[in-house]
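The values are calculated or read from the model by the stated rules, or taken from the named source; none is laboratory data. This is a predicted model, so every value here is computed, not measured. So basically every Cβ, Gly included, is an ideal-geometry build from the backbone, and we count neighbours across all protein chains shown.
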Amino acid sequence: MDGARLMNAAIQLNIQPAKLVECCDSVSFCLSKGLAAPVGSLVVGTHDFIRRAKRLRKVLGGGMRQVGVLAAAGIISLTKMPELLELDHQHAKLLAQGLSKIHGCEIDPENDVQTNIVVFQLDPDKINIDASTFATILKNEYQILVTVQGKFRCRFVAHYMISKENIEYVLQKVKQVLENNKK
């Protein structure tokens, strides 16, 4: 299983990560997505599976030396960061609630946001701007990053470095950009 967002799902569902993946033969788990480790992933599986994975890693040249500092960061991310993921989810919900009140944004905060990812639509019937132009303006003028997922679809992701004040700033600038591009 691709467990890139496993911890976000576990926090949202209030279920231990091991319970979510108990039917999987193996899990690849990223420590940098959500858990703020500088690098690193884990591969979890049976003893035989891990033995084969180590052999393949060696054959393909994937080994590293002297990675204790990176391992230490990974351990901290596993032990300290999961408790902070709920705050990311709260910030995403706050962002979605604010976006839902802005003319030209289409999102249902109660149903469209479960974790730290906020996907919303720009309404072309209300504004004269597409997602690509919207993202370019936010980035170039306000240093706000938003991912374009379609002609009118955008995505924000809340993470541990995003504060409530950052959310308020983003909402202010999104409102400003869309009001400047009203139909």
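Going through (1) surrounded by 14 or more Cβ atoms within 10 Å (Cβ to Cβ); (2) closer than 24 Å to Leu13 by Cβ; (3) touching a Ser or Thr at 6+ places or on another chain (Cβ under 9 Å) one by one, Val118 falls short only on (3).
For region 21-33, the tally of residues that are outside any loop (DSSP other than H, G, I, E, B) and closer than 18 Å to Ser77 by Cβ stands at 4.
Within region 87-128, the set of residues being part of a helix (DSSP H, G or I) and more than 21 Å from Tyr169 (Cα to Cα) comprises Glu110, Asn111, Asp112. Just one of the numbered conditions (1) more than 25 Å from Leu6 (Cβ to Cβ); (2) in contact (Cβ under 8 Å) with a residue 24 or more places away in the chain is not true of Thr136: (2). Among the residues here, Val43 does not qualify as touching a strand residue (DSSP E or B) at 6+ places or on another chain (Cβ under 8 Å), of a type in the set (Val, Ile, Thr) and surrounded by 16 or more Cβ atoms within 10 Å (Cβ to Cβ). Do we find that Ile102 is out of contact with any helix residue (DSSP H, G or I) (no Cβ under 8 Å at 6 or more places or on another chain) and either among the hydrophobic types (A, V, I, L, M, F, W, C) or not assigned by TED's automatic domain parsing to the domain that holds Arg155 (or both) in this structure? No; evaluated as a whole, the condition is false for this residue. Evaluate region 171-180: report whether one residue or more is more than 17 Å from the chain's Cα centre (by Cα) and in a loop (DSSP other than H, G, I, E, B). The answer is yes; a qualifying residue exists.
Residues of region 34-86 that are assigned to a helix (DSSP H, G or I), of a type outside the set (Val, Ile, Thr), in contact (Cβ under 8 Å) with a residue 12 or more places away in the chain and under 30 Å from Glu165 (Cα atoms): Ala73, Gly74, Ser77, Leu78, Pro82, Leu84, Leu85, Glu86.
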